[in-house]
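Quick notes on the structure that follows.
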Amino acid sequence: MAHDDYSLRRLPDSARCSWVSVAVQRFGQVSSFHQFLLGAVLGFGMTFWDAVLAITLGAVMLEVVTVLMGVAGMREGLSTSVLARWAGFGARGSALVGLLVTLSLAGWFGVQNDVFAHGLHALMGGPPVWAWAVFGGVAVTGIVVAGFHTMAWTAYLTVPAFLLLAGYAITQELSRHALADLVAMPPPGPALTVAQGTTLVAGAFIMGAVMTPDMTRFNRRVGDVVKQTLISVTLGEYLIGLTGVLLAHAARSSDVVAAITSTSGVLGTLILVTAIMKINDWNLYSASLGLVNTVHVLAGRRLSRSTATVALGVLGTVLSALGILDHFTTFLTWIGVITPPVAGIVIAEYFVVRTWRRELAESRATGELPADPPDWVPASLLCWAVGAAVGAFVPVGIPTINSVVVSFALYALLGRTVGVMRPPPGSRVDTHR
């Protein structure tokens, strides 16, 4: 099916890409508009070196999760939600994972499209905000419908432009300040602790870590996954994040958009706004993959990825044009609380418990999918609930990391002692069609 990108099948070797093609897109995710904002928030409330420490702690922890999730996706050639069927959740459990991904990322697609619309309206005036929202939503939806390779070309254009903007903006701003003064400057705003800063860094990227298999299934080797993660996450977090920190110190404000507008003018602001598109295309892409899996499992129907993309794109665009998505940010934040355990369970099942690894390996040799999994794996539901509760209510440590670690450890313990459910014969989900 045209542009389906193997949404319910293993990605064949012939469809895999060079690691650079995937790495540029991963870097486009991390080196985006929200990373500038995150760095500015850190810089407004932290010293430069405390911000470096917070970014280091958050980035290192997330890189471990991202690499492990990415390796699983690369080996099996499966998206996150389809992989989850044989990585701890079962068929209907994977539908919950797909629904979670769909709601979260489709919601953030709409929210960021709203930011895009307000940015262009403030920059260029002309049509009302809702018209710019429609323009942005249609543009991103068209790119995502075309599939992974078109998204790669979008990254080839937007990522270098964004990096040039970052370099120009910081150079212009630093020309008016001594670098040593900015580094030594106390935070201009209310203080953030290192733990709070690390929580912001980890929480901002956890959904990116969970959706990693959607991207790394296009990789060819484990080394490719490791290289692109180390380069993109490290450079994205440090280069863009610390640029935001320094700009916040220089401007003595967390409003780095105003600082960039004042230093780089219309062209720079336009590049900054269009950088939102680079992360928003992956929001919509992964949301569509999650929806395809959910419909397949629950309704037994094959929904094309293109149709899912258009439906979610239209919904997100309409909601952003109506300006009501601000009311969903609390809901999306709570979805962020229940997301981290997914990574912990997938990693524990795939690398430690390995209940379905033999079936995955045998079917991988033929390019097919394994025998149908059970509908539910009770152990994963328990670990999911416990991990989310720890992340939400335990006040010690970093909530996102706590959630991943607890769900991983509990599932691994249960799997290695009492075991988890084995696949029963016959299932309602036909994964071979």
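Protein chains only, probe 1.4 Å: how do His34, His3, His121 rank by accessible area, largest first?
Highest to lowest solvent-accessible surface, that is His3, His121, His34.
Testing the spin-label approximation: label points 7 Å from Cα along Cα→Cβ at Ser18 and Ile324. State their distance in nm.
Distance between the two pseudo-spin positions: 4.7 nm.
Modelling each spin label as a point 7 Å along the Cα-to-Cβ direction, I'd like the Val138/Asp4 distance in nm, to one decimal.
Inter-label distance under the simple model: 2.9 nm.
Rounded to the nearest 0.05, what FRET efficiency do Thr333 and Arg301 give with R0 = 30 Å and r taken as the Cβ-Cβ distance? Could you check?
0.40
Run the paramagnetic zone check for Glu359: 7 angstrom along Cα to Cβ, then residues of the stretch 94-113 with backbone nitrogen under 17 Å.
94-96
State, as an integer percentage, the relative contact order of the stretch 45-193 based on alpha-carbon contacts under 8 Å between residues 6 or more apart.
36
Please report, in Å, the Rg and the Dmax of the chain, where both are computed over Cα atoms only.
In Å, with Rg to one decimal and Dmax whole: 21.3, 70.
Which whole-angstrom value gives the distance between the alpha carbon centres of the stretch 82-150 and the stretch 214-228?
23
How big is the charge dipole of the chain about its Cα centre, in debye rounded to the nearest 20, if each Lys and Arg gets +1 on its Cβ and each Asp and Glu gets -1 on its Cβ?
Dipole magnitude for the chain comes out near 1020 debye.
Just to confirm, what accessible area per residue do you get for the stretch 332-410 at 1.4 Å probe, in whole Å²?
41
Taking the dipole about the Cα centre of the chain, with the C-beta of Lys and Arg at +1 and of Asp and Glu at -1, give me whichever of Ala365, Leu410, Gln25 is farthest to the positive side.
Ala365
Once you have the Cα-Cα distance between Ala385 and Trp49, take 0.36 nm times their residue separation minus that, and quote the gain in nm to one decimal.
Computed gain between Ala385 and Trp49 is 117.4 nm.
Take the Cβ-Cβ distance between His118 and Thr150 as r, set R0 to 30 Å, and report the resulting FRET efficiency rounded to the nearest 0.05.
For His118 and Thr150, the calculated efficiency is 0.70.
Of the options Ile206, Ala161, Met151, report the single residue whose Cα projects farthest towards the positive end of the charge dipole of the stretch 124-225 (beta-carbon charges: Lys, Arg +1; Asp, Glu -1).
With unit charges placed on the Cβ atoms, the residue in question is Met151.
Using label points projected 7 Å from each Cα along Cα→Cβ, tell me how many nm separate Ala409 and Val352, to one decimal.
About 0.9 nm, to one decimal.
Considering only protein heavy atoms, what per residue accessible area in square angstrom results for the stretch 103-239 with a 1.4 angstrom probe?
Result: 41 Å² of accessible area for each residue.
Counting only protein heavy atoms and a 1.4 Å probe, tell me what percentage of the chain's accessible area is made up of carbon and sulfur.
The C+S portion of the solvent-accessible surface of the chain is 70 percent.
The values are calculated or read from the model by the stated rules, or taken from the named source; none is laboratory data. If you're wondering where the values come from, they're calculated on a predicted model, not measured in any experiment. All Cβ positions, even for glycine, are placed from backbone atoms using ideal geometry, and neighbour counts span all protein chains on display. Keep in mind that these areas ignore ligands, DNA and RNA; they rest on the heavy atoms of the full protein, side chains included. Shrake-Rupley method; radii C 1.70, N 1.55, O 1.52, S 1.80 Å.
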